[in-house]
Amino acid sequence: MVQPSWLEVLILLLLLGTSLALFWLRLRKAVGATLDARKDPDFQLGTLGPRLRGFAWEVLLQGKVIRERPLPGVAHALVFWGFCAFALISINHLAEGFGLHLLSREEGFGLVYFDFVGVFALAVAVSITGLAIRRFVARPEWLGKVSAESGVIAFLIFFLMATYLAGLPDYGLAEGSPAARVNWWLHTLTLLAFLPLIPHTKHLHLALSPLTVFLKRPRFSQIPPLAGDEDFGLDTGKDVTRIEALQAYTCVECGRCTEHCPAYNTGKVLNPKEIILGLRAYLNAEGPRSEAPLLGAHLSSEAVFQCTTCGGCEYQCPVGIQHLPVIIGLRRGAVNTGKWEDDYGTKLFLNLERNGNSLGFASSERQKFIEKHALPYYDGSQEYCLWLGCMGAYDPQGREIVLALVEVLRYLGISFGVLRREKCNGDPTRRLGNDYLFSQMAEFNIEQIRGSQVRKMVSICPHCVRTISEDWKECGASFQIEHHSELLARYRDKLPAAPAGGERVVFHDPCYLGRYRNIYDPPREVLARAAEVVNPPRARERSFCCGAGGGQMFLGEEKGKRVNVARAEELAATGAAVVGTACPFCQTMFRDAFGTLPSPPPKLLDIAQITAASLRS
Ligand code: SF4
Ligand code: SF4
């Protein structure tokens, strides 16, 4: 390596100082806004093991990126690993500009490391070219508008790799030659131009995403508790928490959330990427101490109330952004301050207040159903408390699912009883942001369950299971409850095996059972005893919502195509004779949607109904 002249050192010093200053000026804005935001009321670092495992999988191994989009995922991972490998090389490169030699190119570790990074440089150059072709030629819709910024960044990365490879003594330009010196400066200028672009563009995620992934809330769709009587949710900038601000600045605008959003894919205003970018735009324009409303110029109230809370966005995000606490937080801000006005929403809240159920039936109807079918009351001697929920207690189809499950439980010899009094668990009010009503519902039920000395509960509804097991923790309750698919799967060997050539059942994964509870195999194992199980194109973690969640079943879905129709068409197109469900909400949504299909629809049955039918045949 040629020793630099004093003039070269001076120029490098000026350029490096400018580059670092520009880098910090922009980064400081994001860091400042994050630290200025209010502290997260529920943040606990907790045990480090799960956080470190998540960090290793999502950041170091790029596991989530590769799993969800294998080809572009590997290309992205190679660029990331290449950057890691280049960190030492870049420090050494700049040090050489000041006449310091941290790594020897002739011996020891350096001899091997320069060539090792050379392999990465080739991989990065190929990967970044592939990613640029995808972005500028293939142009998937969810990536959004083509930006010049992405093109400049891709070119700079490619040029960095090209100049590195050209500078390798054994393969590139002759060491000490004028051409090698020009190449050294080209590499340096590219590096110094790239550095300040990182925080000025979506590539800010390079600096922030490791921290965001490490610090994200540990549970899926974890809604932070309100911090006292003055906390109404996300109403103004003052309500935005540090984790939410950090996540907003980390978005890499990849559009994975948008690609999987049922609302966006059926022509609604909602685009989860724009929710996160809207929050970032608000923080940039107003700051985290602003009292300007969050819903307005940067975030749309209409969009926020179109969300089905399916969790597809949160599940997909490769940089640890958690959309649901933001979306539900914004709903809370609007509902708890009385700013949300919606006839359907008002009717739902009134039904819950007056009748204790979301469907608006007199509560005595539940009692009549129990008595008509001689369902036993839970008295502490039975193994399970069978939680009916609104759908199981009042909806005709939901009741059929409950009766089918009762038949299977009796066949298996599992004792059960139902509660004398039960109200809605609070799921739709929780997701719609009405915290007061949610607490009322939860506290009433908690008292009933505690008073009945319940040990274990089972439910046909994944929404009930999620809300009781997770959301009620905020009210101090911790109950053991499982979905009937989990219970039945444990007893599957005692169920009759299907004769060969049974009906084909296409199974629809409910969002609140799959993404929320990570239960995918048990319902399939139960079904496989009675039928041949097939998957629709979007299954398991990628399942497409039925459109009911987040209170949507009770609201008017007026824009675009109906979500339930889009999913019902996909399920019917598999040609299966039966659509298998594991959630009474899904079944209701598909029952409505099947009426719009041009050809005779498949049968629609819950896994409990299919199992009960197999006992009779
Ligand atoms: S939770 Fe589902 S509906 Fe809501 S924004 Fe995310 S992907 Fe869209
Ligand atoms: S929120 Fe996550 S998934 Fe959505 S665009 Fe941003 S980085 Fe991608």
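Values quoted throughout were computed directly from the atomic coordinates according to the rules given, and no laboratory measurement underlies them. All of these numbers come straight from a predicted model, not from anything done at the bench. Ideal geometry is used to build each Cβ from the backbone, glycine not excepted, and the neighbour counts take in all protein chains shown.
Numbers at a glance
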quantity: Lys/Arg +1, Asp/Glu -1 at C-beta; the chain dipole; positive extreme among VAL117, VAL533, VAL31; calculated: VAL533
quantity: Under the Karplus curve 6.51 cos²θ - 1.76 cosθ + 1.60, θ = phi - 60°, whole-Hz ³J(HN,Hα) for the stretch 200-208, x wherever Gly or Pro sits; calculated: 7, 10, 5, 6, 4, 4, 4, 7, 9
quantity: DSSP-defined beta bridges in the chain - what % are antiparallel, rounded to 5; calculated: 5
quantity: Normalised alpha carbon radius of gyration of the stretch 458-558 [divisor 2.2 N^0.38 Å]; calculated: 1.22
quantity: Residues with amide H under 5 Å from that of ILE481, placed H, sequence gap 5 or more; calculated: MET457
quantity: Whether the stretch 43-108 is rounded, prolate or oblate, judged on the alpha carbon gyration tensor where a/c under 1.5 counts as rounded; calculated: oblate
quantity: Nearest-ten-degree value, helix 584-594 long axis tilted from longest Cα axis of the chain; calculated: 90
quantity: Calculated diffusion of the stretch 210-369, Stokes-Einstein form, Kirkwood radius summed over Cα pairs, 10 °C and 1.306 mPa s, µm²/s; calculated: 94
quantity: Which of GLU558, GLU314, GLU259, GLU8 has the fewest Cβ neighbours within 10 Å, and the rest in rising order; calculated: GLU558, GLU8, GLU259, GLU314
quantity: Rounded, prolate or oblate (a/c below 1.5 giving rounded, otherwise prolate when a/b exceeds b/c) for the chain by Cα gyration tensor; calculated: prolate
quantity: Burial ranking of peptide ranges 449-460, 60-71 (average Cβ count within 10 Å, highest at the top); calculated: 449-460, 60-71
quantity: Of LYS559/LYS603; LYS39/LYS216; LYS238/LYS273; LYS238/LYS339, those spanning more than 20 Å from alpha-carbon to alpha-carbon; calculated: LYS559/LYS603; LYS238/LYS273
quantity: Cα gyration tensor category, rounded, prolate or oblate, for the stretch 1-122 with a/c compared to 1.5; calculated: oblate
quantity: For THR236, residues with placed amide H under 5 Å, excluding near neighbours; calculated: LEU294
quantity: Amide hydrogen neighbours beyond the local backbone of VAL533, cut-off 5 Å, H modeled; calculated: VAL505
quantity: Calculated P(r) of the stretch 388-445 - Cα pairs past 15 Å, %; calculated: 59
quantity: Per-residue ³J(HN,Hα) for the stretch 308-318, Karplus 6.51 cos²θ - 1.76 cosθ + 1.60, θ = phi - 60°, Hz, x for Gly and Pro; calculated: 8, 6, 5, x, x, 5, 4, 5, 7, 4, x
quantity: Reachable aspartates and glutamates, given that their alpha-carbon falls under 18 Å from the alpha-carbon of LYS145 and they are not under 8 places away in the same chain; calculated: GLU253, GLU259, GLU274
quantity: Cysteines without a disulfide-compatible partner [the chain; Cβ-Cβ under 4.7 Å]; calculated: CYS84, CYS251, CYS254, CYS261, CYS307, CYS317, CYS385, CYS390, CYS424, CYS475
quantity: Backbone N under 18 Å from the ARG504 label point (7 Å along Cα→Cβ), restricted to the stretch 593-612; calculated: 599-605
